[in-house]
Amino acid sequence: MTEQAPGYEEKPAGKRKVARLVDIAGAVGVHPSTVSRVLNGGVGHSVRPETVERILAEARSRGYRPNALARALRHHRTGALTFVVPMLRNPIWVRLQRGALLRAAERGYVVMVMEEPTEDPRPPGAYSYLVTESRTDGLLLATALRSHGRGSRSSKPEGALSAVPHVYVNRRGPDQGNDVVMDEAGAVRLFLEHVAGLGHRSVLLIDGPGDVDTVYRRAVATRREGAALGVTAAVEHAPAT
C-alpha cells in the first residue's frame, strides 16, 4: 500500500471534466462569444471557414454539449415534445412512440411520453399547460376521448389548445389536416369485401367505447360499407379490456 500526497483527492474512474465554451475558445485562440456563435449556427460570414472547422473539431473532441436551460432561454424553446398516450402497454403505441422518437431526434428534439389514465381521460386542452409553462414546445395527442362531434364527453374540447402547437395522433382533431390517422374505413372495406366474397351476408363488429375516435370511425364505416355490399352489419361496443 502506498500513501497519497497530502491534499490529493482521488477522482472517480472514467469521469470526464465538463467541456465549457471558454475551454474551447482557449484551445482555438478565439473569444468565447465566437465559439458560442459557431456552435449555435449564427456565424454568417463573420468567421473564417477554417476557424469554424477548428472550433467544431475541438468541441467534438471534448464532447461538448450545450447547456439546455441556457439554450432554451435564449431561443425561447425547450427542444422537447410531449406525446400523450392513453395506454402504454397497448402494442400499437410502441411503434408510434418509436417513430416519434426517431423523427424528433433527426431534428434535434427529444420526446417525453405521458400516459393518460384510461379510467379518467382528460380533454385535450388539459395538456396545454405543458407548452404555456415552457415545459415542452408542442404536443402529440393520442388521447382516449374523441375531441369533437357527437358523443364527445368534453364540453370544451379545444379551448386552450388553439394557442399551442399540437398534432393529433391516431385521432381526428377539429381542424382538418392537423392530425395523423390510419385509414380505418379502408381497413373495414377490405374485411367486408373479403367476407362477402366468401358468401357471408351478416357480420358483427365488437369494438371498444363508441366515443373513442378510432372506434367511432370503424363503426360508421362498417355500417356504410356493409350497406353498399348488401351485408347486414351490426356493431356492439364493449369496455376496452
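None of the figures in this text is laboratory data; all of them are computed from the coordinates on show. Here the structure is a predicted model, which means the values were calculated and not measured. Every residue, glycine among them, receives a Cβ derived from its backbone with ideal geometry; neighbour counts consider all protein chains shown.
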(Q) Return the Rg/Rh ratio of the range 152-241 with Cα-based radii and a Kirkwood Rh. (A) 1.07
Q. So who's got an amide H within less than 5 Å of the one on ARG171, skipping anything under 5 residues away but keeping other chains? H placed 1.01 Å off N, in plane.
A. VAL180
Q. Under a Cβ-Cβ cut-off of 11 Å, what is the net charge of the residues other than LEU21 that fall near it, where Lys and Arg count +1 and Asp and Glu count -1?
A. +1
Q) Which distance in Å, rounded to a whole number, links the C-alpha centroids of the range 75-133 and the range 201-241? A) 29 Å
